[in-house]
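The values are calculated or read from the model by the stated rules, or taken from the named source; none is laboratory data. Because the structure is a prediction, the values reported are computed rather than measured. Note that each Cβ is placed from the backbone with ideal geometry, even for glycine, and that neighbours are counted across all protein chains shown.
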Amino acid sequence: MRLRELDNTITAPVKVQEFSELERAIMEGGHCLEDEELEEGWKDWVAGGAMALSALGAQAGDIVSQEVKAGDTVYSIARDNGVSPSVLYKLNGFNNNTKLQPGQYVKVPDVYKDEKPATKQTTKPEIKKPSALRTAVNQEPAKATTTTAPTIQTITNSPLEKIVLAAAIKNGITGTELAAFMAQVAHESHDFQSMVEYGGSLDFRKYDIRYNPKKAKELGNKYAGDGNRYKGRGFIQITGRYNYRIASKAIGVDLVKNPALAEDPTIAAKIAVWFWKHRVQPKVDNWNDVRDVTKPINPGLNGLEDREENFKDYLAAMVSPTDKTSAKV
């Protein structure tokens with residue numbers, strides 16, 4: 001009787017938990033390397049796959065490709081991404097004889113993954129805005145927004161100004177918030193005269209891993225030359241490999257491989273709107289407070305006076321959709 005019961009238990013269907021490719025690599029990763037081959041500090045990763053998975057948290061299912069640079073090894077790439085080399089061995093099917101070649105792409109966990117926009121939008125506190133602007137974010141029909149929200153006329157009449165203004169309005173940035181947005185991008189682009197941070201290659205050593213490792217680490221710059229390669233570009237002047245990488249994922253353009261694309265006005269406008277919605281909006285309660293608006297963009301508050309003057313100018317240029325007269329500038 002007991003044998004039959006045991007037999008039934010053994011043959012009964014068992015629900016098997018499914019794991020992502022990265023989760024399997026983390027949990028099975030120790031099989032590709034001998035324990036003594038692992039550098040100090042990484043042995044626990046191999047022994048505790050579940051702990052490593054927990055450390056990656058919500059990012060565990062995400063894998064991206066990283067280009068191999070001259071001098072890269074499995075160990076150096078693993079170190080840069082904060083994982084055990086055994087994880088990379090498992091993800092890429094490598095063995096102990098694998099030699100990486102410059103230009104080759106390897107799978108790595110997305111350790112720089114930004115928060116999903118949907119999560120931020122649903123969890124961030126309600127932004128306090130003027131009543132005319134609130135109709136754009138409440139449950140009013142889209143028609144009500146287009147007929148009541150004030151807009152802004154261009155000040156410089158620059159083609160670049162028109163492009164970024166149109167992109168902002170298209171993405172629901174209106175009223176006082178729109179004036180705040182335009183004030184910031186006007187300052188960052190030197191009144192729409194430059195889409196690249198001023199300076200020569202020597203000036204951008206301040207972002208380079210060889211000359212300023214602390215700042216380079218903050219920006220995600222990992223290789224010699226990254227300081228100049230990922231200097232400030234666009235309407236919002238995104239800077240550093242990390243920001244280029246997450247902006248790439250947000251807008252669907254490979255800015256890491258082609259950083260100069262961030263200078264293209266149409267792409268730069270998309271970057272500026274993305275940055276605003278996910279880096280500025282969640283941190284600002286009052287769009288009239290130029291200091292608070294500036295902090296997420298430039299924590300040092302550089303150029304604050306100019307940003308404040310720009311904000312006043314754009315407020316003066318604000319018109320309602322039914323106002324056909326020229327704006328006061």
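Just give me the residues in region 182-195 being of a type outside the set (Val, Ile, Thr) and either assigned to a loop (DSSP other than H, G, I, E, B) or closer than 26 Å to residue 229 by Cα (or both), in sequence order.
Here is the first cut: in region 182-195, the ones of a type outside the set (Val, Ile, Thr) are 182-184, 186-195.
Selection gives 184, 186, 187, 188, 189, 190, 191, 192, 193, 194, 195.
The combined condition, being buried (at least 20 other Cβ atoms within 10 Å of the Cβ) and in contact with a Lys or Arg (Cβ under 8 Å, 6 or more places away or on another chain), is not fulfilled by residue 310. Scanning region 58-79 for residues that are at pLDDT below 65 and part of a helix (DSSP H, G or I) yields 58, 59.
Answer with yes or no whether residue 146 is at pLDDT below 75, under 21 Å from the mean Cα position of the chain (by Cα) and either surrounded by 14 or more Cβ atoms within 10 Å (Cβ to Cβ) or not in a loop (DSSP other than H, G, I, E, B) (or both). So that I can check it myself, show each step before the final result.
On the way: at pLDDT below 75: yes; under 21 Å from the mean Cα position of the chain (by Cα): no; either surrounded by 14 or more Cβ atoms within 10 Å (Cβ to Cβ) or not in a loop (DSSP other than H, G, I, E, B) (or both): yes.
Judged against the criteria, residue 146 is not a match.
Table: residues versus (1) in the same structural domain as residue 285 (by TED's automatic domain parsing); (2) of a type outside the set (D, E, K, R).
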{"site": "160", "(1), (2)": "yes, yes"}
{"site": "170", "(1), (2)": "yes, no"}
{"site": "189", "(1), (2)": "yes, yes"}
{"site": "212", "(1), (2)": "no, yes"}
{"site": "220", "(1), (2)": "no, yes"}
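Taken together, the residues in region 180-212 that are hydrophobic (A, V, I, L, M, F, W, C), at pLDDT 95 or above and surrounded by fewer than 17 Cβ atoms within 10 Å (Cβ to Cβ) amount to 1.
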